[in-house]
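Participant: So that we are looking at the same thing, I have put the structure below in structure tokens.
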Amino acid sequence: MSKKKKLIPSESVVETVTENEDALFRFAKKTDAVESEKIIAPRYSYWKSVFRVFFRKKINIVMIVLMILVALIAFIMPIFWEYDPMENVTNSQTFSLSPKAAMEYFGGFSFKYLLGTGSMGNSILYGIVSSSRTSLSLAFICAAINMTIGIIIGAVWGYSKKVDAIMLVIYQIIANIPGILLVSVLVYIVGSGFWSLVFALTITGWLGIAYFFRNQVMVIRDREYSLASRCLGTPITRMVSKNILPFLTSVIVTLLASELPAYISSEVFLSYLGIGLSAQVPSLGRMIQQGQPAFLNYPWAFWPPVFVAALITIILYVLGQNLADASDPRTHML
């Protein structure tokens, strides 16, 4: 039998390995047990990675700039530009004036009449600015209320079978009532106004969100790590907050992306029908309603509020969808 030869590495090979040794790798001292257990890995931040993917698209930067510009104009300008829709209602000569005619009538160039006047002599530009503030405020308040309640109840709804049996009955009853009819009845009962419309849009608006999350949670609750936590006696609230909701971040952002534009569209549509906000509250929908009968003869009273309503909706939708894509773990490396 032939004896096996021991392969002893030459000094040159050892030196080469030592020189090419990675900076992240080093031998721990045998006497230091703590050092030998440490794992050196690059630091990873989920949200840092999300925003890196998000800002990689130039369209997102453009949309953010437009959104900031719209928000600044909508919330700051009304402080200096006081809008009164009945300011010139007693002067019929100011009704439905074009921008050129309005500036000639009021004595020269003025930002106030840059878009002309409406059917009651009101400033179209000032009305759009004030109405944009109303629409944005309504959208963010309703989204905050409905998303918060919907996510919490939906998470518990999808995890607890007892809650599921009760909530399914409630959902089936309310879901069969047309949303526009329910909102209209609530507005007529409570009365028209900003907070009345917020109440009508949120009293049951969270239910559809909760049902959506219920379905998402049911997919995650039976995974191995959730079953292990359940066997260890982890409380339901901790299971939901630690094991389930973190995995639904992209789903939450996606839903929020569709909710914000939807509330603006609902406000415009309801105000257009005359069942939304009161006449004292400036609204894009009411301006569109007032300019619609004569939009062929006086287009400056109809198209500017339509354009602004569409612009705000598109900006929020594009930003929301792109942020939802960026927050999806599949779009960036862990």
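Participant: Across segment 117-139, which residue is modelled with the lowest pLDDT among those that are surrounded by fewer than 21 Cβ atoms within 10 Å (Cβ to Cβ) and out of contact with any helix residue (DSSP H, G or I) (no Cβ under 7 Å at 6 or more places or on another chain)?
Facilitator: Applying the filter and picking the extreme gives M120.
Participant: Tell me yes or no: at least one residue of segment 131-139 is outside any helix (DSSP H, G or I), touching a Phe, Trp or Tyr at 6+ places or on another chain (Cβ under 9 Å) and either touching a residue at least 40 places away in the same chain (Cβ under 8 Å) or not aromatic (F, W, Y) (or both).
Facilitator: no
Participant: Another question, if that's okay. Restricting attention to segment 88-116, which residues are out of contact with any helix residue (DSSP H, G or I) (no Cβ under 9 Å at 6 or more places or on another chain) and of a type in the set (D, E, K, R)?
Facilitator: K100, E104
Participant: Could you run through segment 263-275 and say how many residues are surrounded by 14 or more Cβ atoms within 10 Å (Cβ to Cβ) and more than 22 Å from I314 (Cα to Cα)?
Facilitator: 1
Participant: Going by what's in this entry, would K100 be described as within 30 Å of V253 (Cα to Cα) and modelled with pLDDT of 85 or more?
Facilitator: no
Participant: Picking from V185, V190, V169, which residue would you name as being touching a Phe, Trp or Tyr at 6+ places or on another chain (Cβ under 9 Å) and of a type in the set (A, V, I, L, M)?
Facilitator: V190
Participant: Let me ask another. Determine whether A74 is in a helix (DSSP H, G or I), crowded, with 21+ Cβ neighbours inside 10 Å, free of Cβ contacts under 8 Å to residues at least 60 places away in the same chain and among the aliphatic types (A, V, I, L, M).
Facilitator: no
Participant: Answer yes or no: is there a residue in segment 188-211 that is farther than 30 Å from N88 by Cβ, over 22 Å from the mean Cα position of the chain (by Cα), of a type outside the set (A, V, I, L, M) and surrounded by fewer than 15 Cβ atoms within 10 Å (Cβ to Cβ).
Facilitator: Residues of segment 188-211 that are farther than 30 Å from N88 by Cβ, as a first pass: 188-190, 198-211.
From what's left, over 22 Å from the mean Cα position of the chain (by Cα): 188-190.
Right, trim to of a type outside the set (A, V, I, L, M) and you get 188.
Next, from what is left, pick out any that are surrounded by fewer than 15 Cβ atoms within 10 Å (Cβ to Cβ): 188.
Within segment 188-211 (the criterion being farther than 30 Å from N88 by Cβ, over 22 Å from the mean Cα position of the chain (by Cα), of a type outside the set (A, V, I, L, M) and surrounded by fewer than 15 Cβ atoms within 10 Å (Cβ to Cβ)), the answer is yes, since at least one residue qualifies.
Participant: For the structure I just gave you, tell me whether T94 is of a type outside the set (A, V, I, L, M, F, W, C) and either touching a Leu at 6+ places or on another chain (Cβ under 6 Å) or modelled with pLDDT of 60 or more (or both).
Facilitator: yes
Participant: Which one of the conditions (1) over 24 Å from I180 (Cα atoms); (2) at pLDDT 85 or above does A294 fail to meet, given that it meets all the rest?
Facilitator: (2)
Participant: May I pose another question? If I go through segment 279-304 residue by residue, how many of them are crowded, with 18+ Cβ neighbours inside 10 Å, in a helix (DSSP H, G or I) and either touching a His at 6+ places or on another chain (Cβ under 8 Å) or not aliphatic (A, V, I, L, M) (or both)?
Facilitator: 7
Participant: Where in segment 159-277 are there helices (runs of 4 or more DSSP H), lying wholly inside it, with at least 1 residues that are touching a Ser or Thr at 6+ places or on another chain (Cβ under 8 Å) and at pLDDT below 85?
Facilitator: 179-190, 205-220, 249-273
Participant: Working only within segment 85-110, note down all residues that are touching a strand residue (DSSP E or B) at 6+ places or on another chain (Cβ under 6 Å) and small (G, A, S).
Facilitator: Filtering segment 85-110 for residues touching a strand residue (DSSP E or B) at 6+ places or on another chain (Cβ under 6 Å) gives 94, 97, 102.
Residue satisfying the conditions is A102 alone.
Participant: For segment 141-163, give me each residue that is surrounded by 15 or more Cβ atoms within 10 Å (Cβ to Cβ) and of a type outside the set (V, I, T).
Facilitator: Initial filter on segment 141-163 (surrounded by 15 or more Cβ atoms within 10 Å (Cβ to Cβ)): 141-143, 145-147, 149-160, 163.
Within segment 141-163, C142, A143, N146, M147, G150, G154, A155, W157, G158, Y159, S160 qualify.
Participant: Here's another thing I want to ask about it. Considering only segment 99-127, state which residues are in a loop (DSSP other than H, G, I, E, B) and closer than 23 Å to A74 by Cα.
Facilitator: F109, S110, L114, L115, G116, G118, S119, M120, G121, N122
The values are calculated or read from the model by the stated rules, or taken from the named source; none is laboratory data. Keep in mind the model is a prediction, meaning the values are calculated, not measured. Note: ideal-geometry Cβ built from the backbone for every residue, glycine included; neighbour counts use all protein chains shown.
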